[in-house]
Amino acid sequence: MSNPEHLQYLQDSADAWNLYRREHEITHPDLVGADLSAAQLPGADLSGADLLRADLRAIDLTGANLAHANLIGANLSDAFLFNVDLRGANLTGADLTGANLTGVNASGAIMTSAILSYATLGITNLENADLSHADLHHADLGGANLTNSTLFHADLSDADLSGVDLSKADLSGVIGLHRRERA
């Protein structure tokens, strides 16, 4: 259950939240299970937040900071995450179906069993990310950096891999990756 005061300030605006967070020196916002679907929160500082199983469908978090956030089981389907900082975030089992993650920095993120089907991940930094068992079918990964990432048993069926850097990536058991795309 979310901290009601944290949720109240966040629902007002990103600016109100960021000011409240700084003034109260909140290091780990408690937003477990929060319903922020369709919220407009560009630039929100949610770094280190606990958003376990939060409803973030169709949210606008353009330019937000979600570094080291707990997003396990969160629903981010159709979310707009343009230029979001997701470094070191845990998105295990998160649903990002149809989400726009263009320009996201998700280096070192844990995205095990995440659903990223039909998501846009163009020019996304997924270096050292763990995408084991992730569903990326029909995802647009054009220009993404997957250097040193783990894609163990990930589903890349019908994904756009044009310009993707898969240097030193673990591609063991990947579904839908053809030999010509590995070069």
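Descriptive notes on the structure:
- Single condition I115 does not satisfy, out of (1) of a type outside the set (G, A, S); (2) over 9 Å from the mean Cα position of the chain (by Cα); (3) surrounded by 21 or more Cβ atoms within 10 Å (Cβ to Cβ); (4) within 21 Å of G48 (Cβ to Cβ): (4)
Yes/no per residue for (1) among the small types (G, A, S); (2) touching a Lys or Arg at 6+ places or on another chain (Cβ under 6 Å):
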site	(1), (2)
S2	yes, no
Q11	no, no
P29	no, no
L36	no, no
Q40	no, no
N65	no, no
N75	no, yes
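- Scanning segment 19-72 for residues that are farther than 22 Å from T97 by Cβ and in a strand (DSSP E or B) yields D30, D45, D50, N65.
- Given (1) modelled with pLDDT of 95 or more; (2) out of contact with any helix residue (DSSP H, G or I) (no Cβ under 8 Å at 6 or more places or on another chain), index of the condition G122 fails: (1)
Listed here are the residues, each with its yes/no results for (1) assigned to a loop (DSSP other than H, G, I, E, B); (2) modelled with pLDDT of 95 or more; (3) touching a strand residue (DSSP E or B) at 6+ places or on another chain (Cβ under 9 Å).
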site	(1), (2), (3)
S132	yes, yes, yes
H138	yes, yes, yes
S157	yes, yes, yes
G163	yes, yes, no
L177	yes, no, no
E181	no, no, no
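- So T97, is it in contact with a Pro (Cβ under 9 Å, 6 or more places away or on another chain), in a loop (DSSP other than H, G, I, E, B), buried (at least 16 other Cβ atoms within 10 Å of the Cβ) and at pLDDT 95 or above: no
- Residue in segment 158-172 that is without any contact (Cβ under 8 Å) to a residue 40 or more places away in the chain, among the polar types (S, T, N, Q) and in contact with a Gly (Cβ under 8 Å, 6 or more places away or on another chain) present: yes
The values are calculated or read from the model by the stated rules, or taken from the named source; none is laboratory data. Bear in mind that the values here come from a model prediction, so they are computed numbers and not experimental data. Heads up, the Cβs are rebuilt from the backbone with ideal geometry, glycines too, and the neighbour counts pull from every protein chain shown.
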